[in-house]
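Shown next, in structure tokens, is the structure this report addresses.
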Amino acid sequence: MEKTGHSDRRKDARSKVFVPVVRGRGWSPPSEKQAMFDHIAGHGCFHFKPGDEPRLALLQRRLGGIRGLRVLEPGCGSGPLTEWLARWVEPGGHVEAFDPSAGMLAQAAANLRGVTNVRLSRRRCEEADWPPASFDIVLCFRVFPHFDDVEAVLARFHRWLAPEGRLLIVHWEGRQALNALHAHHGPVDQDVFPQRSYLESALRRRRFKIERWIEDENEIYVEATRQDTSA
């Protein structure tokens, strides 16, 4: 329920280029949750605000140098972070972004006109698939509680990541505020951030090594690296 918006930079260049949305493997008919996101997609409440710039800068520092890398963004929503990722991986990098909501993807396509290193597709994470080692980074931005099956998506992330690839789980709210926000919206009122003990165990079961875990009233930031399945 919490994603945010887009920058006006390169606006003129975008006016002549359209980012296509494809219906990828892993697409399924809309659920009540998807319908809610379709409904609110055009309300403008998901845009980044000027006050978000320090958080974006912090995220970029945490990511480090990612030029030329392949980034997967599950649950990209209207694409608020997608454009920034596309800039950060230039030159030579690529961003694959997907979401189950047609409304959100329509907004993302509009926001990303002129951005040539992004591919958008409509998929559910639990059903999506890519070949092994397709990505260097999987970045879940303000989406993790919306996954219906944590174990299934972690297993997919492990398969899609290259050896030593990185998984990032990022929220710009603390656990209490995040869960309270979802509690007021019926279709997502059960979408809570997993308890730390459970998520740590799930990551280890799926062969991820936890590198950093930051959690306070203002944010949740989890970074893990893919370990070999034989380790």
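Observations
- Exclusive hit being modelled with pLDDT of 95 or more and acidic (Asp, Glu), set 136, 148: 136
- Set 81, 85, 72, 56: member being in contact with an Asp or Glu (Cβ under 8 Å, 6 or more places away or on another chain), more than 22 Å from residue 164 (Cβ to Cβ), modelled with pLDDT of 95 or more and among the aliphatic types (A, V, I, L, M): 81
- The set of residues in the range 137-169 being buried (at least 21 other Cβ atoms within 10 Å of the Cβ) and closer than 20 Å to residue 61 by Cβ consists of 137, 138, 139, 140, 141, 142, 165, 166, 167, 169.
- Of residues in the range 59-81 being more than 20 Å from residue 220 (Cβ to Cβ) and under 14 Å from the mean Cα position of the chain (by Cα), the one surrounded by the fewest Cβ atoms within 10 Å (Cβ to Cβ): 70
- Whenever a residue of the range 201-218 is farther than 17 Å from residue 59 by Cα and at pLDDT 95 or above, its partners that are charged (D, E, K, R) and assigned to a helix (DSSP H, G or I), lying with C-beta atoms within less than 8 angstrom and at least six residues away or across chains, give the pairs 202/151; 205/151; 206/151; 210/200; 210/204.
- Only one of 134, 197 that is surrounded by fewer than 18 Cβ atoms within 10 Å (Cβ to Cβ) and either out of contact with any helix residue (DSSP H, G or I) (no Cβ under 6 Å at 6 or more places or on another chain) or among the basic types (Lys, Arg) (or both): 197
- You will find that of 224, 183, the residue that is within 19 Å of the chain's Cα centre (by Cα) and among the aliphatic types (A, V, I, L, M) is 224 and no other.
- Any hit, the range 100-119, residues being within 26 Å of residue 155 (Cα to Cα), in contact with a Lys or Arg (Cβ under 7 Å, 6 or more places away or on another chain) and at pLDDT 95 or above: no
- Subset of the range 207-224 (residues that are under 20 Å from residue 143 (Cβ atoms) and surrounded by 15 or more Cβ atoms within 10 Å (Cβ to Cβ)): 208, 213, 219, 220, 221, 222, 223, 224
- Of the criteria (1) touching a residue at least 40 places away in the same chain (Cβ under 8 Å); (2) under 14 Å from the mean Cα position of the chain (by Cα); (3) within 25 Å of residue 66 (Cα to Cα), which one residue 158 fails: (2)
- Near pairs, Cβ below 7 angstrom, 6+ apart or cross-chain, from the range 45-70 (in contact (Cβ under 8 Å) with a residue 12 or more places away in the chain) to any residue that is among the aliphatic types (A, V, I, L, M) and crowded, with 16+ Cβ neighbours inside 10 Å: 59/170; 66/89; 66/137; 67/89; 68/89; 69/89; 69/137
The values are calculated or read from the model by the stated rules, or taken from the named source; none is laboratory data. Small disclaimer: the values here were computed from a predicted structure and weren't measured. Counting neighbours? That spans all protein chains shown, and the Cβs are built from the backbone with ideal geometry, glycine included.
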